[in-house]
Amino acid sequence: MGRKVATRDSRIAEIAKKQYGVVSLDQLRRLGLSSKAVRSRVDAGRLHRVHRGVYAVGHLALSFEGRCMAAVLAVGRGSARPGSILDHWGAAVSHRSAAVLWELLPIADDSVDLVVAGVGGRARRDGIRLHRSRTLVVGDVTLRQAVPVTTPARTIADLRLALTAGRAGSVSARELRKAVRQADVLGLPLGVGHRGDRTRSDLEQEFLRLCRRHRLPRPEVNVPIGPYLVDFIWKDRKLIVETDSYLYHRGKLAFQEDRERDLDLRRRGYDVIRLSERQIDDESARVAETLVAVLSAS
């Protein structure tokens, strides 16, 4: 009897090792453990409850990957049947948590974002942000360090949609730009139609949203003035706004060129306001107040 228990415990350890220290109740039952046997291991401190039906083996000091796997096991199935990654696990890490797994963003909190196919069925769980999707297909899910996760392309698409809709699991506009930049640096595929770094266009879209929110007159976008293509212009007020992302305006040479450009535009009769990503994202009210004052005085 003792040998059988030791063998089962070693098999539990093998499964847990592959899953960053966690196992599901279904997996334990497939090993032949009864409910009483599971409870006895919980009482003895060999299993520790993470979610309903999910246990950490030996201790609760889980890594981020361990928390992701625990969430997948709690919401999905961990099926023994062969099939696609999505069919096998029934859920995948998504949104910000997927961006963390792909090393696009830092960890923000203790919650794990998961996506499942369909629109209903699963109850809410503490520590899990559950996203239901009608459009999730098997090709949207892959493995990253043995963790089921949405592909880079699907991850960025989900973050864009969540940001636009103001949904749970969203990131700030600046974080989204950072994630896209990092994906480009790492060479991760972002799908058909991605034109490399989208920092400039995303920053411009965020500025236009700022104008709409604060009911500013809509400027013209990407307008040629002499040899220059300016980001935004109110021609009747002779006002130009340039939006500076780190990618497009870094380094001593770029700094000098920007100043020469601004001086030449002023010689042509235009006022020039240069705004950073942080100002557009975090100080929108102050930016709008400044623009209102300048436009009113023009």
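The values are calculated or read from the model by the stated rules, or taken from the named source; none is laboratory data. Source: prediction; values computed, not measured. Cβ sites come from the backbone with ideal geometry, for glycine too, and all protein chains shown count toward neighbours.
For (1) in a loop (DSSP other than H, G, I, E, B); (2) modelled with pLDDT of 85 or more; (3) surrounded by 15 or more Cβ atoms within 10 Å (Cβ to Cβ), each residue gets a yes or a no:
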position: Glu260; (1), (2), (3): no, yes, no
position: Arg266; (1), (2), (3): no, yes, no
position: Gly269; (1), (2), (3): yes, yes, no
position: Val272; (1), (2), (3): no, yes, yes
position: Asp281; (1), (2), (3): no, no, yes
position: Ala288; (1), (2), (3): no, yes, yes
position: Val292; (1), (2), (3): no, yes, no
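Pick from Ser63, Ser40: which is surrounded by fewer than 19 Cβ atoms within 10 Å (Cβ to Cβ) and free of Cβ contacts under 8 Å to residues at least 24 places away in the same chain?
Only one candidate passes the filter, namely Ser40.
State whether one or more residues within segment 243-258 are in the same structural domain as Ile156 (by TED's automatic domain parsing) and modelled with pLDDT of 80 or more.
Of the residues in segment 243-258, the ones in the same structural domain as Ile156 (by TED's automatic domain parsing) are none.
Within segment 243-258 (the criterion being in the same structural domain as Ile156 (by TED's automatic domain parsing) and modelled with pLDDT of 80 or more), the answer is no, since none of the residues qualifies.
Which residue, of Val72, Val100, is in contact (Cβ under 8 Å) with a residue 60 or more places away in the chain, β-branched (Val, Ile, Thr) and under 20 Å from Gly169 (Cα atoms)?
Selected residue: Val72, the only one of Val72, Val100 that is in contact (Cβ under 8 Å) with a residue 60 or more places away in the chain, β-branched (Val, Ile, Thr) and under 20 Å from Gly169 (Cα atoms).
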- Query: Where residues in segment 66-100 are surrounded by fewer than 17 Cβ atoms within 10 Å (Cβ to Cβ) and hydrophobic (A, V, I, L, M, F, W, C), which of them is modelled with the highest pLDDT?
  - Reply: Ile85
